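Please read the structure below before turning to the comments.
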Amino acid sequence: MNFEFSEEQNLLRDQARGFLLDNCSTRVVRDVLEGDASYDAALWKKVAEMGWTATVIPEEYGGLGLSYLELVVIAEELGRAMAPIPFSSSVYLASEAVLAWGSEEQKLAWLPRLAAGEVIGTLAVSEGQGQASATSLNATVSGGALSGTKLPVIDGDIADLVIVAVKSDGGDGASLYLVDLTQDCIERTPVRTLDPSRSQARLDFNGANAELLGIEGRGWSQVQNLYDRAAVLFAWEQVGGSDAALEMAKDYAMGRFAFGRAIASYQAIKHKLAAMYVKNTLARSNCYYGAWALETNAPDLPLAAATARVAGIQAYYFASKENIQTHGGMGYTWEFDCHFHYRRAKLLSLNIGSEGTWQDKLVTALEHNNAA
Amino acid sequence: MDFNDTPQEAAFRAEAQAFLKDYYPTAEDFKGLNPIEQAQLWAKRKFDNGWSTLRWPKDYGGRDASPIEQVIFNQEEGKVSDLGDPFQIGQGMAGPTLMAWCKNKDYLERYLPKLSSGEEIWCQLFSEPAGGSDLAAMRTKAERDGDDWIINGQKIWTSGAHYSDFGILVTRSDPTVPKHKGLTYFFLDMKTPGIEIKPIKQISGTSNFNEVYFTDVRIPDSQRLGDVGQGWSVALTTLMNERAAIGGGGVSVGVKSVMQLAQKVNIDDKPAIEDKQVRAKLADWYVQEAGLKFTSYRTLTALSRGSTPGPENSIGKLVGAPKTQDMASFAMDLMEESGAIWDDELSELAGLFQGTFLAIPGLRIAGGTDEIMANIIAERVLGLPQEPRMDKGIPFNEVPTSAKG
């Protein structure tokens, strides 16, 4: 039994944490949250220079060719720091999609630049309120020209490349297309969001050039596979954030006195923090299995991913809301950083599908395993 | 990451499997024996072949095995055996305490091999009516009389007292000093005159525990472990060895059994498993179940590497017991009015859900209540301060109590 990270991976974690402590304090998060910039471009540049955006991309495409176990270590630390950069969009979604289904030409065209962080990529599925499905898509491609609207698209205002899910007449009802966002006929409108430390946009495509990515009429199953893989990485960000929120609550409770003693000595607070620890531990352990399933492309990946995802959503939501509660009135102020976690936890739980969607996927995977 | 044994672990596992294959008793061997006798038959075979109390020194019947070897043997034994374990307290707690605190080598040679072979069964006499979570608030009196001590008082929640040969006992030898300082620890023969054992009937209708009354029970001073007044330190050795794990094996209430039920019964004329709320609940319970399993894998990895496991395994009982309670209750809801039937023939899985519903409140209390487990996580894992204690530094007999007399 070896269900643990290697020495090298633990060293990478220490290094990543140290780097983000120096370069991504909550001051950096606040600057993006309060300012006009969509992301911290300087931090993005440094992260790319560290090679994080290149982690799992093979060397022949300009990447480092490392494993997903290294990538989840980085994801946890980015989640802990609430890094205001388009890492999840560009690395977990766009790069992964091109890696999985790109033609040799597409890979050579995009992966080296995605690996170097010169290009920011993202994925566009949703077309408005409610759960998207293979039959709900309205965007279409005709003769290589894409028309339709995507809303919201995470990092859609700053991305250079977008993978778009469109309606298909055959197969599973959808296809994936790769679109260069620098074209004039694409209208990008930033939208006001719950977590302004991460930007989102509305994209209107009016006959934009689009290249098929993968197989026509297989787009919906491609999206599901992409989501399964990304779910593990998102869950590691959520675990990192959950632990950070627990530590914040703990530090405050130890230093805050009421009725002559630290509030951390009251059972009402202790049991709250113990409940956070329990949820975080369950999420972390499920994420270990998710990481293993992702790295080995195990047949169990859909179940492992859904389990990690649901656990990550629940742990971070709980830790972020109870962190505010532990801080009392100060936790509700703009000045304190508690709201960063509350916003980010909710945002991460909505990107790539909500808790209910993933609970359903989890049970579907269980049914599939039981039938097998 | 991988889920394979190291070469040494694989070799040990093969050796264990070979032993179990050759020596595990057949149905014929067990015929006519009660559950305790069956467990004793198996324990004796393990002992005779060097497979009992693996972590103990060879001199006392053990194998000098590593923690991971113990885990591997337990895994393999669990595949072939569904026997009860009446030796858990004796082998798991009393034995290690004797080894740590008993200075009389003759005693060690007298008692440990018979503990290891299952010939003698031990029980633990710690809890008292007025000291539940506050375990150290024991009131059972020990008074010195020449070379003996005279014991008067009452213990409670004693598993297996009625079939045990010996017991480990903590008493109050000095009520005029603060709580933890006035305790003294003994072991004793359960046949000693003056001991009266009364079974406790639980809400499930069964009786796994007893009340044990002491009236002028004499224990020789030579059976004291640790110094007079040092009983709490000795008790901590015992408690460190207490396993908070939830018993596995057999059919139990979990995602699998509730899912099977949800496939059989209907909600709105469709299988309940198609209902989104049912699915959401199953998913949440699966997150807990899988989370505990993978947490135990992390602990096993630490043991396999020869390092000390982290604190993460402390969540097991706190998560597992309430989850099982909620799942049993929910399964009965799925059966609608029939959920109330508790009958071997009429109920699903011979009444597993109803039986579990009534048994599980005990598990949320035994070995540390949910609330105490949460305190332990808060204090020992997260490092939060203890609540102020009203009894600190005060002579025990001046501490306010609900106890009478």
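The values are calculated or read from the model by the stated rules, or taken from the named source; none is laboratory data. Quantities reported herein were computed from a predicted structural model and do not represent experimental measurements. All Cβ positions, even for glycine, are placed from backbone atoms using ideal geometry, and neighbour counts span all protein chains on display.
Restricted to region B:170-211, and to residues there that are in contact with a Pro (Cβ under 7 Å, 6 or more places away or on another chain) and of a type in the set (S, T, N, Q), the residue that is farthest from B:Val234 (Cα to Cα) is B:Ser207.
Identify, from the list A:His368, A:His341, A:His271, the residue that is surrounded by fewer than 24 Cβ atoms within 10 Å (Cβ to Cβ) and either out of contact with any helix residue (DSSP H, G or I) (no Cβ under 7 Å at 6 or more places or on another chain) or more than 7 Å from chain B (Cβ to nearest Cβ) (or both). Steps first, please.
Values: A:His341 fails: surrounded by fewer than 24 Cβ atoms within 10 Å (Cβ to Cβ); A:His271 fails: either out of contact with any helix residue (DSSP H, G or I) (no Cβ under 7 Å at 6 or more places or on another chain) or more than 7 Å from chain B (Cβ to nearest Cβ) (or both).
When all the criteria are applied, what remains is A:His368.
Being part of a helix (DSSP H, G or I), among the hydrophobic types (A, V, I, L, M, F, W, C), touching a Ser or Thr at 6+ places or on another chain (Cβ under 8 Å) and crowded, with 22+ Cβ neighbours inside 10 Å is a description that applies to A:Leu114.
Per this entry, A:Arg261 is not counted among residues that are touching a strand residue (DSSP E or B) at 6+ places or on another chain (Cβ under 8 Å), of a type in the set (Lys, Arg) and surrounded by fewer than 22 Cβ atoms within 10 Å (Cβ to Cβ). Just one of the listed residues (B:Lys103, B:Lys114, B:Lys79) is more than 21 Å from the chain's Cα centre (by Cα) and basic (Lys, Arg), and it is B:Lys103. With respect to B:Lys46, determine if the residue is among the basic types (Lys, Arg), in a helix (DSSP H, G or I) and more than 17 Å from B:Asp165 (Cβ to Cβ). Against the criterion (among the basic types (Lys, Arg), in a helix (DSSP H, G or I) and more than 17 Å from B:Asp165 (Cβ to Cβ)), B:Lys46 qualifies. Can we say A:Ala244 is closer than 17 Å to A:Tyr317 by Cα, more than 10 Å from every other protein chain (Cβ to nearest Cβ) and of a type in the set (A, V, I, L, M)? Criteria met by A:Ala244.
Residues considered: B:Arg144, B:Arg139. Of these, the only one that is over 19 Å from the mean Cα position of the chain (by Cα), farther than 18 Å from B:Ala39 by Cβ, in the same structural domain as B:Val228 (by TED's automatic domain parsing) and assigned to a loop (DSSP other than H, G, I, E, B) is B:Arg139. The single condition among (1) in the same structural domain as B:Arg279 (by TED's automatic domain parsing); (2) surrounded by 14 or more Cβ atoms within 10 Å (Cβ to Cβ); (3) over 20 Å from B:Lys256 (Cα atoms) that B:Glu345 does not satisfy is (2). Within region B:20-35, being over 13 Å from B:Trp51 (Cα atoms) and part of a loop (DSSP other than H, G, I, E, B) holds for B:Pro25, B:Thr26, B:Lys31, B:Gly32, B:Leu33, B:Asn34. In region A:255-268, the residue that is farthest from the other protein chains (Cβ to nearest Cβ) out of those that are part of a helix (DSSP H, G or I) and in contact with a Lys or Arg (Cβ under 8 Å, 6 or more places away or on another chain) is A:Ile263.
Looking at region B:342-352, can you tell me whether even one residue there is within 14 Å of chain A (Cβ to nearest Cβ) and of a type in the set (S, T, N, Q)? Among the residues of region B:342-352, not one is within 14 Å of chain A (Cβ to nearest Cβ) and of a type in the set (S, T, N, Q), which makes the answer no.
Candidates A:Ile313, A:Ile352: the one that is buried (at least 18 other Cβ atoms within 10 Å of the Cβ) and within 10 Å of another protein chain (Cβ to nearest Cβ) is A:Ile313.
Of the residues that make up region B:4-19, is at least one over 29 Å from B:Tyr297 (Cβ atoms), touching a residue at least 40 places away in the same chain (Cβ under 8 Å) and either in a helix (DSSP H, G or I) or away from every other protein chain (no Cβ under 14 Å) (or both)?
Step one: list which residues in region B:4-19 are over 29 Å from B:Tyr297 (Cβ atoms), which gives none.
No - not one qualifying residue is present in region B:4-19.
Looking across region A:280-310 at every residue that is within 9 Å of chain B (Cβ to nearest Cβ) and either in a loop (DSSP other than H, G, I, E, B) or among the charged types (D, E, K, R) (or both), the one that is surrounded by the most Cβ atoms within 10 Å (Cβ to Cβ) is identified as A:Arg284.
Which of the residues belonging to region B:82-100 are within 16 Å of the chain's Cα centre (by Cα) and part of a helix (DSSP H, G or I)? Lay out the reasoning, then the answer.
Of the residues in region B:82-100, the ones within 16 Å of the chain's Cα centre (by Cα) are B:83-97.
Hits for region B:82-100 are B:Gln88, B:Ile89, B:Gly90, B:Gln91, B:Gly92, B:Met93, B:Ala94, B:Gly95, B:Pro96, B:Thr97.
Of the residues making up region A:1-27, those that are assigned to a loop (DSSP other than H, G, I, E, B) and away from chain B (no Cβ under 14 Å) number 2.
The condition (being under 30 Å from A:Val32 (Cβ atoms) and β-branched (Val, Ile, Thr)) is satisfied by just one residue among A:Val166, A:Val119: A:Val119.
When only residues in region B:20-37 that are within 14 Å of B:Glu77 (Cβ to Cβ) and either surrounded by 13 or more Cβ atoms within 10 Å (Cβ to Cβ) or in contact with a Gly (Cβ under 8 Å, 6 or more places away or on another chain) (or both) count, which is farthest from the other protein chains (Cβ to nearest Cβ)? Walk me through it before giving the result.
Going through region B:20-37, the residues within 14 Å of B:Glu77 (Cβ to Cβ) turn out to be B:20-25.
Adding the requirement that they be either surrounded by 13 or more Cβ atoms within 10 Å (Cβ to Cβ) or in contact with a Gly (Cβ under 8 Å, 6 or more places away or on another chain) (or both) leaves B:20, B:23-25.
On the way: B:Leu20: 20, B:Tyr23: 26, B:Tyr24: 24, B:Pro25: 29 Å.
Here the residue is B:Pro25.
Within region A:28-52, the residues that satisfy the criterion of being among the charged types (D, E, K, R) and either out of contact with any helix residue (DSSP H, G or I) (no Cβ under 7 Å at 6 or more places or on another chain) or not in a loop (DSSP other than H, G, I, E, B) (or both) are A:Arg30, A:Asp31, A:Glu34, A:Asp36, A:Lys45, A:Lys46, A:Glu49. Within region A:153-200, the set of residues being part of a loop (DSSP other than H, G, I, E, B) and of a type in the set (Val, Ile, Thr) comprises A:Ile158, A:Thr182, A:Thr193. In region B:357-405, the residue that is farthest from the other protein chains (Cβ to nearest Cβ) out of those that are of a type in the set (Asp, Glu) and over 25 Å from A:Lys279 (Cα atoms) is B:Glu398.
So that you can scan it fast, the table gives a plain yes or no per residue for (1) among the aromatic types (Phe, Trp, Tyr); (2) within 22 Å of A:Lys361 (Cβ to Cβ); (3) at the interface with chain A (Cβ under 9 Å from one of its Cβ atoms):
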position: B:Lys264; (1), (2), (3): no, no, no
position: B:Asp269; (1), (2), (3): no, no, no
position: B:Asp275; (1), (2), (3): no, yes, no
position: B:Val278; (1), (2), (3): no, yes, yes
position: B:Tyr286; (1), (2), (3): yes, yes, yes
position: B:Phe294; (1), (2), (3): yes, yes, yes
position: B:Thr301; (1), (2), (3): no, no, yes
position: B:Gly306; (1), (2), (3): no, no, no
